[in-house]
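The values are calculated or read from the model by the stated rules, or taken from the named source; none is laboratory data. None of these values were measured; they are calculated from a predicted model. When we count neighbours, we look across all protein chains shown, and the Cβ atoms used for this are built from the backbone with ideal geometry, even at glycine. Keep in mind that these areas ignore ligands, DNA and RNA; they rest on the heavy atoms of the full protein, side chains included. Shrake-Rupley method; radii C 1.70, N 1.55, O 1.52, S 1.80 Å.
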Amino acid sequence: GSYVTMPTVHHISESLSSNITLLADARDLTLEELIEVRVMLEVPAARLAARRRTLEDVALLRGAIPPDEPPLDTDSEFVHNRDFHATLIECCGNVLLRIAAQPVFSALQTSLSRSGLGRSFHASIHAHHARIVEAVHAADEDGAATEMHDHLEFLVPYYEKAWRNARRST
């Protein structure tokens, strides 16, 4: 029979993530739309995280950046990357932002994780994340927003290549 459960942030976010992925796979969403929304959500989120962060938040953000040595496999790198962005969003203390941002991040991350990126790419990501953390730690709202914007701009050509490759194989 039917039963009613209380929705959770995780369940709502997972449902949105599945639907966004289906839309992207059906080509009803463009890469440009996904990137645009990610910028619209994560740049202000970095600003908000710098305003609201605690020392525990900063420690969690730093912990989500793996050391460059020894090198990790691609799957482990993407887990750290996901955790970093999820933690940054959680630092904002806004549940709706978590629900909105995570599915967009997941849709983009899935295509990128299949593209076989090397150590230099991941080292660059670590450096970007470290700069974001330092701005958040310093409560530098403008700096955190700028660093996040630069980070997302850095990713665009990688997303474009992964997106093209995924479209060719379908």
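Here are the numbers:
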read-out: Thr54 being of a type in the set (Ser, Thr, Tyr) and closer than 19 Å to His128 by Cβ; value: no
read-out: Verdict on Glu90 being open to solvent by less than 20 Å² (accessible area, probe 1.4 Å) and either closer than 30 Å to Thr8 by Cα or under 13 Å from the mean Cα position of the chain (by Cα) (or both); value: no
read-out: First in the stretch 48-59 and among the β-branched types (Val, Ile, Thr), second anywhere and open to solvent by 60 Å² or more (accessible area, probe 1.4 Å), Cβ under 9 Å, 6 or more apart; value: Val58/His137
read-out: Residues located in the stretch 129-169, provided they are open to solvent by less than 20 Å² (accessible area, probe 1.4 Å) and closer than 21 Å to Ala107 by Cα; value: His129, Met148, His151, Leu152, Leu155, Tyr159, Ala162
